[in-house]
Amino acid sequence: ESTASGPEPAAGDGRQVASTPSAAGPACTLEKFGGQPFDLTKDMVGFSQSEKEANPFRIAETKSIKDEARKLGVGNLRVTNAQSQFSKQISDVQQLIAQGAKLLVIAPLNSDGWEPVLAQAKQKKIPIVTIDRKINAEPCTDFLTFIGSDFYEQGRRAADQMIAALGGKGEVAILLGAPGNNVTTDRTKGFKDRVAEKAPGIRITFEQTGEFTREKGQQVTEQLIQSRPGTNGIYAENDEMALGAVTALKGAGKSPGDVKMVSIDGTRAAVQAIVDGWLHAVVESNPRFGPLAFETARKFAGGQEIPANVVISDREYTKENAQSSLGQAY
Amino acid sequence: MTELTAVPVIDKARLLSWLQQYGVYLAVLVLLLFNVLFTPHFLEPANFRTQLIQVAPIVITSLGMALVIGTEGVDLSVGSVMALSSAVVVLYLGYGAGPAIVVALLAGALVGTGGGALVAYVGVQPIVATLALLVGIRGVANVLVPQLREFRNPTLIWLGSTSVAGLPLVVAIAAALTAVVAFVVRRTVFGRQLVAVGSNRAASELSGLPVKRILVSVYAVSGTLAAVAGILATSRLQASDPTSLGLLMELSAITAVVVGGTPLSGGQVRVLGTVMGALLMQLLSATLIKHNLPQSWTQMVQAVIILAAVYAARGRHP
Amino acid sequence: MTELTAVPVIDKARLLSWLQQYGVYLAVLVLLLFNVLFTPHFLEPANFRTQLIQVAPIVITSLGMALVIGTEGVDLSVGSVMALSSAVVVLYLGYGAGPAIVVALLAGALVGTGGGALVAYVGVQPIVATLALLVGIRGVANVLVPQLREFRNPTLIWLGSTSVAGLPLVVAIAAALTAVVAFVVRRTVFGRQLVAVGSNRAASELSGLPVKRILVSVYAVSGTLAAVAGILATSRLQASDPTSLGLLMELSAITAVVVGGTPLSGGQVRVLGTVMGALLMQLLSATLIKHNLPQSWTQMVQAVIILAAVYAARGRHP
Amino acid sequence: MAAAPPLLEARGIRKAFPGVLALDDVSFRLGPGEVHALVGENGAGKSTLIKVLTGVYQPDRGELRLGRKQVAFATPLQAQRAGISTIYQEVNLVPQRSVAHNLLLGREPRTRLGVIDLAGLYDAATRTLSQYGIRVDVRRPLRSLGMGAQQMVALARAVSTEARVVIMDEPTSALEPREVDTLFGVIDRLRGQGMAVVYVSHRMEELYRICDRVTVLRDGRLAHTGPLAELDRLKLIAVMLGRDVAEVRERGTTTFSGDHEVRGGPLVEAKGLSRRNLLNDVSVTVRPGEVVGLGGLLGAGRSETAKAIAGAFPVDAGTVLVAGRQAGRATPAARIRAGVSLLPEDRKAEGIVPALSVRDNIALAALPRLSSAGVVSEAKIDRIVDTFVRRLRIKVTSPHQKVSELSGGNQQKVLLARWLATGPKVLLLDEPTRGIDVGAKAEVQALIEELAAEGLGVLLISSDLEELVEGADRVVVLRDGAVVGELAGGQVTESAIITAIAAGGGDD
Ligand SMILES: Nc1ncnc2c1ncn2[C@@H]1O[C@H](COP(=O)(O)OP(=O)(O)OP(=O)(O)O)[C@@H](O)[C@H]1O
Ligand SMILES: Nc1ncnc2c1ncn2[C@@H]1O[C@H](COP(=O)(O)OP(=O)(O)OP(=O)(O)O)[C@@H](O)[C@H]1O
Ligand SMILES: [Mg+2]
Ligand SMILES: [Mg+2]
């Protein structure tokens, strides 16, 4: 199902590019889904954000949805935020349904556990577009479609970068994301699988959670540097932890490049860190879902075919393109 | 010497004591009225169902918390116990939903009993004993189910999604448990003795009450109720998520109890007040969500409501 | 009658009271020994620096918490105050690091004063008053700085990264504050009065102590110290992150205080014990991280340590 | 005596607390139908013995027998079930709950379903209380009753169980004379029914009114046991204190000498103190070297008057002058600075600070004077603590001992020391000798004498009329929060005070 690798020709504003044209997977139409046509300018559209808008990814994601809605003249957009609590997100979406939303865009906190919501939405024939994380359900029956990245693939691509940086051997530490989260699971598995496959000379000696936050990333890295001075590479499962790790490395008197670092997300600060030499590469996880999401919805309402998965093509930032792509990082 | 002299001071005191007892009902009413007037689609039955379903686990947990607070204790472990019961119930689903639920309830009761024993027999302060459990039991739950795990057991799913006579089963269970707890507090010896222990433990001991047994029971009940809440939340979610389930539940439950007019100093339990307290917080957050206001608003308004509630309830500690 | 008659019971009691006072030192020693034997690179100075730097904000916050607990209170708002001070300091960086720090400290003191006033003058129970602040102040911090904000102010960065005579400034500040608080508790009128208020408020009032003023001051100090911790954490991170900074700090601080042997029932403050308590928890988590064990382990071991500490400190409530 | 086996017997009881041997080889026999006095100085071990008899403490050594059977009570409940019912020294009820609930706490009537029978509860409570001449609405919270009534409820609760033995630890310390009469009536009835009563009190005249036998404890050891009639008052005191009869006789029962030399104008003048329903236009004047008594029944407003003068009780109207000048704001701190110190009535709740040492307790109120720039001066504190520990003969192992480890009498002395350390001009003493033994009482009284002789003004509140009459130069009698009479010089007699109280009652 997925995608190209290597740097993509970036669109000027960093907007998302779907890597799967409508061909892939069984397509879905309004007729097949059984819904009513809706009017984006009049009907209520609900957007359920999963995490606090405190990190660049979530901020850019919500902003992109809101901006695009404004641009398209969506009259009634409701935005909720689950504050990283899954049960709250379920509640939020149920509230949106109760309020009469005709289209739901959901950035799910988790892939599983959506049945109660899906059942309710299905009853009312409300199409759901999930973004950035998949949910485990049947597209076109339980929900409309998924737009987003492939986290497992992101992990694999991060591994490729790490392998290249280390020349295929060394000791690598992983800064895990929040425990119990399936983004963490996928990015970890993708990375490890690829390393095992391609570079048996790389040993993963340390795995500790930095909970996706900068402070925890910093603290764990401080312990790491101290107790495992032989570590050659750090794989951070998001940019925030990577930036925390950079602060820790600086504090320990390291120079850029002493420890090869690869992370995922593509925030501006992280891309800048590539320019500064601290990060080796960043695999992008593009948060600007607004245009693609509404585009998909509009096509759907207009009777066109919608693919089951719209996997976006994430870019990679490296030494070569970082400086020039800085403007597109979020 | 023992007659009450009627003095005018009483009027203000009466108002205060009325507010203390019924302020939360008034607040719920005001909020309802506001929503009826200003929130579209508020009066639809589906909305009420949603609100009630969402508040049910908080209500159930708060009932246990109210009992514990009645003994001048506090149970910080409820959120972690929810996570534990959630983990246990999916682990044991292989034996069928019934046995799995029983084991999960037992796990909750066991943790509660442990906490109660620490408080009653070892003499650890409730806040510390249950703080240790808050930390430790979440760890256990995470070890049991390290990441979100879905299930497909129809009985357990049914539990969270079915309705009886139009009332969601989850809500019916919360209502039934409220009735039982209210009855226990008002009409049973256990209920009477529990508040006596909270009011004056030494005197209760000297009066021959089985103080330690009462304390252990109260924490066991709180643990069990938290497990019920955890199971219901799990069944509604159709997945077990011990990392995040029940996070900060202890604060929500304490808030519901306090806003409901039960003093933290023990010796009193307001069961209906507690339910109203939970409803108030739920309505508040729903109102702000419906009006599309940011979460930070909810936090600030919640803070104000908690303070207003204790200000009204302050009564005896001037 | 009051002479010490030599009875065998005494030995056990002495041991208990010794453990109560010094158990935490012993535990730190044991953990150090374990690490020296089994953790590579543990004895390097850089490692000690790392541990001390990381524990400094916890120590600073715990000092304030210890004072509050000495008055039979508790301050749940410390984590949110850290977030607030972090937000305020970056907001005011435009006026220079000095003024920004002063404003952030004032913000912390203000929140503390507010909490203290609720406790002292309105008669709200400490746990509730500061719970409301925990919720509300985090909201305010989020409104002020809604997302992580980096800064490049060299003075503020210097604060978190420089060393004086080999000792990181952050650690030196924590040490200095510890000395000051220890002095205040042991040698000043305020320190004496504070524990008297915690042990018997009515008697303190009748003895002419300015009870309300003392209470307000104690919470104000706790707020200010939390603000110091927030500023230092911010300067070390070179960014302000009010959403996550200081989350659960109240639990860490209470744990440090309790593990350090200060009873939650007030009337006593163990300053050095508190520092040791914080060190113990830090070393524990560092040990588990260094040995690459999962976080759920840390949680469970922490729970055991808290219980062991209060078991040892139980003393007077048999 | 040998014929009837004792109802309850303790043999060779030993009980140690950390650092204290509270009971050492103590034996105690209680026969049916007898009222047995248990006496001794503060800290002699009376309460401890009672707690051993009733399952609160387990003895380290020795055995208990109930009738002919050896027993061991693990909890108070077991003792209660075995027929031993107790009123402990501290009021042992649940103030927030209703009277009925308190009365039947742990023995609530239940319906067949195990549910509380509320009607039955209120009924039974009303019936039981009326037997003891108490008529109150049993649904009211207990705390709305006066202390006396609360004590009567505790009493009714204790005797209404299926008890064979009733133990009373200082039951009258909060009762007024009328209530004491009721209590004694009840005790007589119990005796008639063959029950046995253990009676602990520091009030000699009560012992002789009601008790048959006496057991004296001294320093945790059995000092004497036998019929009370064999010992007269002097002998009893001598046994308690372990002194010669002659020595005790010389000192008298109170150590007050009577008149004091009053020097100069008013030291403290309280004028027109009023507070709705509690105080009504109360004026009191104390001059240097004078001991002014406040007389009246329980609840007359004596404590409130004292507290109002000390700035610890807000008044709606009234002024307090110290040495002719306005005595500062109505806060304890301001009044202490002005030279007014109050020894509060409730030692435990308002007096001692249990977490602190004896030393810190003594220094507490005077800290501002014992410090400079907010830093305490340990040397100054040591000096002042030393002085008072010696002068008041406070029994401590070291000044750093926890105050909570001291006996009641010594705690009281610590509190006196706290107030004297503030260098007061006027001392307001609210029940300074309540609940302390004869030895300590005499010492406290002697101290009051000494202070008055030094020119201090003293306001003395005491429910012990004898103490009031012998100690005070002048007595102001209160009733229902108002002054109903003032007696001076030769007029100060017990009967005059009682008459004043009664006459005050005739007014309304
Ligand atoms: N729980 C306890 N822990 C330590 N010491 C105790 C305890 N209870 C009593 N004591 C000590 O035991 C001794 C006997 O105390 P007890 O209370 O029995 O005296 P008492 O005769 O009842 O005195 P009072 O007339 O003041 O009531 C005292 O020295 C007291 O300090
Ligand atoms: N907090 C209170 N609330 C209501 N009534 C009170 C309160 N405190 C005291 N009273 C009432 O005020 C009256 C006087 O109180 P108090 O018993 O202290 O008088 P007193 O003359 O000092 O008696 P004592 O001999 O006990 O010292 C009593 O009727 C009492 O019930
Ligand atoms: Mg006693
Ligand atoms: Mg009084």
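The values are calculated or read from the model by the stated rules, or taken from the named source; none is laboratory data. Here the structure is a predicted model, which means the values were calculated and not measured. Because the Cβ atoms are built from the backbone with ideal geometry, glycine has one as well, and the counts that use them run over all protein chains shown. The protein model used for the area step is the full one, side chains on, heavy atoms only, and it has no ligands, DNA or RNA in it. Shrake-Rupley method; radii C 1.70, N 1.55, O 1.52, S 1.80 Å.
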In Å³ and rounded to a whole number, note down the convex hull volume per residue for the Cα atoms of segment D:8-247.
137
Once amide H atoms are built 1.01 Å from N in the peptide plane, which residues 5 or more positions from D:Gly295, or in another chain, come under 5 Å H to H?
D:Val476, D:Val477, D:Leu478
Please list log₁₀ I(q)/I(0) at q = 0.15 Å⁻¹ for chain A, using the Debye equation with identical point scatterers on the alpha-carbon positions.
-1.16
Can you divide the C-alpha Rg of segment B:155-256 by 2.2 N^0.38 Å and report the result to two decimal places?
1.33
Roughly how many Å is it from the Cα centre of segment C:244-284 to that of segment D:133-190, as a whole number?
47
Within 10 Å of each Cβ in peptide C:280-290, how many partner chain Cβ atoms are there on average? Round it to a whole number, please.
3
Carbon-plus-sulfur fraction of the accessible area of segment D:1-102, 1.4 Å probe, in percent?
49
I'd like the antiparallel share, as a percent to the nearest 5, of DSSP beta bridges with both residues in the protein assembly as shown.
45
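Once you keep just the Cα pairs under 8 angstrom separated by 6 or more residues, what percentage relative contact order results for chain A?
This gives 24 percent for chain A.
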Expressed as a whole number of Å, what is the distance separating the alpha-carbon centroids of segment D:372-425 and segment B:25-68?
58
Given segment B:21-72, what whole percent of its Cα pairs are spread farther than 18 Å?
52
Students sometimes get this wrong: rank A:Lys125, A:Lys63, D:Lys46 by accessible area, probe 1.4 Å, all chains present, largest first.
A:Lys63, A:Lys125, D:Lys46
May I ask for the Kirkwood hydrodynamic radius of segment B:235-313, worked out over all distinct Cα pairs and given in angstroms to one decimal?
13.8
In peptide A:225-235, what is the residue-averaged number of other protein chain Cβ atoms found within 10 Å of each Cβ?
4
Kindly state, to the nearest 0.05, the FRET efficiency for D:Asp281 paired with C:Leu26, given R0 = 51 Å and r defined as their beta-carbon distance.
0.20
Debye log10 I(q)/I(0) for the protein assembly as shown, one point scatterer per Cα, at q = 0.05, 0.09 Å⁻¹
-0.46, -1.25
So, in nm, how far is label C:Leu272 from label D:Arg390 when the simple model puts each one 7 Å beyond its Cα toward the Cβ?
3.2
Once the in-chain neighbours fewer than 8 apart are removed, the lysines whose Cα is under 16 Å from A:Lys66 read A:Lys42, A:Lys52
List the lysines whose Cα sits under 20 Å from the Cα of D:Lys395, skipping any in the same chain fewer than 8 residues away.
D:Lys46, D:Lys348, D:Lys413, D:Lys441
Per DSSP helix of 4 or more residues, -39500 (n - 2.57); summed, then divided by the residues of the protein assembly as shown. What does that give at 222 nm, rounded to the nearest 500?
-17000 deg cm²/dmol
Point-to-point label distance, C:Asn292-A:Lys124, nm (Cα→Cβ direction, 7 Å offset)
5.0
How do the peptides C:244-256, A:75-87, A:305-317 rank, highest first, by the average count of neighbouring beta carbon atoms within 10 Å per residue?
C:244-256, A:305-317, A:75-87
Against the 2.2 N^0.38 Å rule of thumb, the C-alpha Rg of segment D:1-90 sits at a ratio of 1.05
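Over chain D, what is the mean sequence separation of C-alpha contacts under 8 Å (at least six apart), divided by residue count, expressed as relative contact order in percent?
This gives 15 percent for chain D.
Which of the peptides A:134-146, C:185-197 is most tightly packed, and how do the rest follow, going by the mean number of other Cβ atoms within 10 Å of each residue?
Packing proxy ranking, top to bottom: C:185-197, A:134-146.
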Please compute, for peptide D:74-80, the average count of beta-carbon atoms on other protein chains lying within 10 Å of each residue's beta-carbon.
4
Charge dipole (debye, nearest 20) of segment D:290-407; +1 at Cβ of Lys and Arg, -1 at Cβ of Asp and Glu
320
What distance in nm separates the simple spin-label points at D:Arg383 and B:Phe48, each placed 7 Å from Cα in the Cβ direction?
7.9
With a 10 Å radius around each residue's Cβ, average the other Cβ atoms per peptide and rank D:175-183, C:282-290, D:334-342, highest first.
D:334-342, C:282-290, D:175-183
I'd like to verify something in chain C: which complete DSSP H helices, judged by Cα projection on the helix axis, reach 30 Å or more and average at least -1.0 on the Kyte-Doolittle scale?
C:9-38, C:45-70, C:211-237
Residues in segment B:39-63 that, when all protein chains are in place, have 30 Å² or more less accessible area than the chain alone would give (probe 1.4 Å):
B:His41, B:Thr50, B:Gln54
Tell me which residues come under 5 Å, amide H to amide H, from D:Ile167 once H is placed; ignore anything under 5 positions away on its chain.
D:Ser85, D:Thr86, D:Ile87, D:Val198
Long-range HN-HN contacts of D:Gly43 with modeled amide H, under 5 Å
D:Gly408
Cross-link reach from A:Lys192 to lysines, straight Cα distance under 20 Å and at least 8 residues apart if same chain, gives A:Lys169, A:Lys260
Pulled fully out, how much extra length does the chain show between C:Lys212 and C:Val36, if you take 0.36 nm times their separation in residues and subtract their Cα-Cα distance?
58.5 nm
Modelled FRET efficiency - R0 51 Å, C:Leu15 with C:Val122, Cβ distances, 0.05 increments:
0.70
What is the ratio of the Cα radius of gyration of segment C:48-247 to 2.2 N^0.38 Å, with N the residue count, to two decimals?
1.02
Compactness of segment A:274-330, expressed as Rg and Dmax over alpha-carbon positions, Å
15.8, 49
Using only protein heavy atoms and a 1.4 Å probe, how much accessible area in total is buried between D and C, to the nearest 100 Å²?
2700
Nearest 5 is fine: what % of DSSP beta bridges in segment D:8-247 come out antiparallel, could you say?
60
Any idea what the dipole of chain C comes to, in debye rounded to 20, about its Cα centre with Lys/Arg Cβ at +1 and Asp/Glu Cβ at -1?
260
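Given the Cα-Cα distance of D:Asp25 and D:Phe184 and 0.36 nm per residue of separation, how much length would full extension add, in nm?
Working: separation 159, 0.36 × 159 = 57.24 nm, distance 3.15 nm.
That works out to 54.1 nm of additional length.
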When all C-alpha to C-alpha distances in chain D are sorted into bins of 20 Å, what percent of pairs does each bin hold, rounded to whole numbers?
21, 53, 25, 1
With +1 on each Lys and Arg Cβ and -1 on each Asp and Glu Cβ, and nothing else charged, work out how big the dipole of segment D:347-423 is about its Cα centre, in Debye to the nearest 20.
280
Contact order normalised by length for segment C:48-247, with contacts defined as Cα pairs under 8 Å and 6 or more residues apart; what percent is it?
44
With no solvent and one equal point scatterer placed on each C-alpha of segment D:340-388, evaluate the Debye formula and give log10 I(q)/I(0) for q = 0.16, 0.19, 0.22, 0.30 Å⁻¹, two decimals.
-0.50, -0.68, -0.86, -1.16
